[in-house]
Structure formats: C-alpha cells, structure tokens
C-alpha cells in the first residue's frame, strides 16, 4: 500500500450512543507497515518516523503479522509505570542516532494498535470497522511487550467509566467509531470526547504576532505554586486578528520597561536579554528552534481559560480563551484550583 493518512476524529461534547468505544491514547499517531523484514512507520502527516523508534520496529518484526498495515499510537510509560509520559516521546524527535538508541533503551516506546488496514495481500479499508477489528484480534495477540491491542467496548456505560478512570493513567478521553464505517484516510469520521476544564490564570506576558508588530500572537499564562512563585503553565492564542490588535493596545500600560525587568516574576529570563522582549521564560516543548521571545507584563490581569489536562506542571495543549476575570485577584490563581485525576495504573488499561 502507498503511504496512508490516518482516519481522524472530530470533537463532540458527550459520548454518542450505539458506537464502538476505545480509550483515547495520548501519544504519536502511527501507521505501521510491515513487509517481511522491512518496517516503516508513518506519522499523522505521513512523514516517516521510523528512525526515532528502533524498539517499535523490533517489536513490529516480533509481534505483527509478516505482511500488514496497522493503525495505532506510539506511547511511552512513565518511569514508575503508572501513566503515559508525553515529554519522553518529544525527546525522540530530531536527536542524533546515538541519542535515539540510548532513549530507546532507557525509556522504551510501545505500539498500541487499534485498526488493521491490510493483511497479506488484502486491503481491508473498505470493510466495516467491526470486521477490521475482528481480524485485528485474530492476527495480533496484542499482549506486548512491544505491541498492545487497545481495549474496545460497545457498552456506552463502560466507555463512560473509562472516560473517568483512565485519565488517571494519562489518557485523555474516549474515541467512538461507527461499527459499520469503512476506513476513510484524513477524514474526520470518528468522534473524540475529551476532558475539558477551566482555570483562572495570571497573564504575565505576550508574544508578538508573526505577521503584525501591533498584534498579540499569544498570551503567556502563569499559576502560583505553593512557594508563591509564578510558574509558566502555557499560552492561549485563539483570537481574530482584529481582537489581537485590540489586545496589543489594551496591554501596553502593563508592559514592564527595561529598567524594571528585575521586578518581573520571570526576571531571570527577562534580565538575560536586557530588553523588553526577553527570551525563553516559557519554553516550547515542540520546537527547540522556535522564537520564544515575549513582552513581559505586570502580572495584574486574570483570564479564564479552558484546558483538557496537565502534562506535569503545564497545560498539555494550548489553552482556549474563555473570558477576562476582573473580579479575581492574581494571587488567587494557584495550582490548588485545578482538578487532580485519581491515579489509575497504566497496566490495567493495557491489560
């Protein structure tokens, strides 16, 4: 088969009835091609990521059918095995081969399989999902140690339990599939139900928009920790261009000037650049070459944002702007307001 783009999912607010349900894994989407002794792994955009996961290649040779195409997710368990570690996955991209080999030994990744697109010479993408799943269960034991078969249920109540419980192991929701649907590459025909929460955060700076010097690209968000330090937790950035320019004008009175950079909560980064655009107060986990300069603001404004879940001390994805909170004091924006999922053992999810 030629390179295949994975089938995608659209967000829905609640678990739909009459579907086939699976846990939503938080890793790298992967289409794995095996043809005898050859294995290729394609990413969501079909770019090859084979070299970053030599242990997954070895597992595919050991545990997948000799000729097949499997849709799944590459994940890494945390050091204590209790949940998923997305940060460890990010470390795999772009390093030297020697570093990849070291990480493959120290923090091995596994493949969680959830669809079978081809086996031997048969293209299965035109079959109903229920049939593809049945064949996947027949050809793939899925018990590891390198390839696992994701759970599946047609019981909406059980899916609702997974939605609540599995977040404690680092998963981020539930996927619903029509049992009668064929595989449609790059089409949003599945449904995903993700956790959504809100938090009140301090706005401690902004980044200038790439295409306009008088527009805000993103707002930098902070929460106070137990020691009273303002920690960087992420950004919010979904604004129309007209609103971006309004925000730029509104925030100018709060800009911290060069002589007062030492007073900013992220002063070490601010003083390092000695300008109004200090660098790397809030690091990017996605692109080490990205321009991380920002304009520091006096931490006086509070914004309410929506987020799905935390990755360590930061929001896992870009937070969504909800509203300004002039009724909230910045000092009240602490980690204590965040909902903490009940811990759930990853082995129980994989099992």
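Could you tell me how many of the residues in the stretch 154-188 are touching a helix residue (DSSP H, G or I) at 6+ places or on another chain (Cβ under 7 Å) and outside any loop (DSSP other than H, G, I, E, B)?
Number satisfying all stated conditions: 5.
Give the residues of the stretch 141-152 that are in a loop (DSSP other than H, G, I, E, B) and within 22 Å of residue 178 (Cα to Cα), sorted by residue number.
Across the stretch 141-152, the qualifying residues are 150, 151, 152.
Name the single residue, out of those in the stretch 255-281 being more than 32 Å from the chain's Cα centre (by Cα) and either within 13 Å of residue 207 (Cα to Cα) or modelled with pLDDT of 65 or more (or both), that is surrounded by the fewest Cβ atoms within 10 Å (Cβ to Cβ).
Only one residue fits best here, namely 259.
Go through the stretch 21-36 and report how many residues are touching a helix residue (DSSP H, G or I) at 6+ places or on another chain (Cβ under 7 Å) and within 20 Å of residue 118 (Cα to Cα).
2
Yes/no matrix, rows are residues, columns are (1) in the same structural domain as residue 310 (by TED's automatic domain parsing); (2) at pLDDT 90 or above:
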residue: 182; (1), (2): no, yes
residue: 186; (1), (2): no, yes
residue: 201; (1), (2): yes, yes
residue: 219; (1), (2): yes, yes
residue: 230; (1), (2): yes, yes
residue: 238; (1), (2): yes, no
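I'm checking my understanding of the structure. Among residues of the stretch 3-18 that are in a loop (DSSP other than H, G, I, E, B) and closer than 14 Å to residue 71 by Cα, which one is modelled with the lowest pLDDT?
3
Output the residues belonging to the stretch 220-230 that are out of contact with any helix residue (DSSP H, G or I) (no Cβ under 8 Å at 6 or more places or on another chain) and part of a strand (DSSP E or B).
Result: 220, 221, 222, 230.
The values are calculated or read from the model by the stated rules, or taken from the named source; none is laboratory data. All of these numbers come straight from a predicted model, not from anything done at the bench. Note that we place each Cβ from the backbone using ideal geometry, even for glycine, and neighbour counts take in every protein chain shown.
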